[in-house]
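Input: a single structure, listed below in structure tokens.
The values are calculated or read from the model by the stated rules, or taken from the named source; none is laboratory data. Owing to the predicted nature of the structure, the values given are computational and were not obtained by experimental measurement. Glycine also receives a Cβ, built like all others from the backbone with ideal geometry; neighbour counts cover every protein chain displayed.
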Amino acid sequence: MSGEILLLSGPNLDQLGTRSPDIYGTSTLAQHVARFDSLASAAGYSVRHLQSNFEGDLIEAVRDARERSVAIVVNAGALTHSSWALADALGAFDGVKIEVHLTNPAAREPFRQVSTIAAVVNGTIAGFGALSYDLAFDAVHRLLEGS
């Protein structure tokens with residue numbers, strides 16, 4: 001199979017590698033994206049990545065994806081816990097949708113244990129550090145291939 005995978009990165013993820021490395025690890029967002037892109041390319045997919053600190057940018061990207069992408073992998077950062085608008089946009093996307101987190105939100109502060117987008121995605125991968133992105137690609141690939 002082929003097609004475009006939209007990889008969305010929410011607020012402050014551009015600070016990965018330097019922001020709380022004891023929690024989020026030392027890999028930068030660029031390194032996560034490069035690894036994801038490498039896996040996708042090897043399987044015949046293209047990747048379009050967008051990182052934004054602005055909710056509206058992410059919503060617009062999801063809306064645009066309805067016309068061009070077969071899947072969305074989203075690490076919405078703090079918007080995971082508060083953005084019903086992003087959840088609505090994701091709910092209108094018919095392709096595969098995977099929520100991904102480097103940490104395990106269920107094991108963190110109570111406000112991080114709520115996901116507004118969990119109900120509109122195929123599944124959530126969380127808590128595996130940099131491996132989370134690899135696992136997210138594997139989930140997308142398997143769901144698209146029907147395996």
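Somewhere in region 106-127, is a residue exposed (fewer than 15 other Cβ atoms within 10 Å of the Cβ), acidic (Asp, Glu) and modelled with pLDDT under 95? There is at least one residue in region 106-127 that is exposed (fewer than 15 other Cβ atoms within 10 Å of the Cβ), acidic (Asp, Glu) and modelled with pLDDT under 95.
Restricting region 117-143 to residues that are in a helix (DSSP H, G or I), touching a Lys or Arg at 6+ places or on another chain (Cβ under 9 Å) and of a type outside the set (A, V, I, L, M) leaves a set whose member that is farthest from SER27 (Cα to Cα) is PHE137. Could we say that PHE137 is under 19 Å from GLN15 (Cβ atoms), in contact with a helix residue (DSSP H, G or I) (Cβ under 6 Å, 6 or more places away or on another chain) and surrounded by 19 or more Cβ atoms within 10 Å (Cβ to Cβ) here? So PHE137 fails the test.
With a cut-off of at least 1 residues that are surrounded by 15 or more Cβ atoms within 10 Å (Cβ to Cβ) and free of Cβ contacts under 8 Å to residues at least 60 places away in the same chain, name the strands (runs of 3 or more DSSP E) lying wholly within region 1-100.
In region 1-100, 45-51 are the strands (runs of 3 or more DSSP E) which contain 1 or more residues that are surrounded by 15 or more Cβ atoms within 10 Å (Cβ to Cβ) and free of Cβ contacts under 8 Å to residues at least 60 places away in the same chain.
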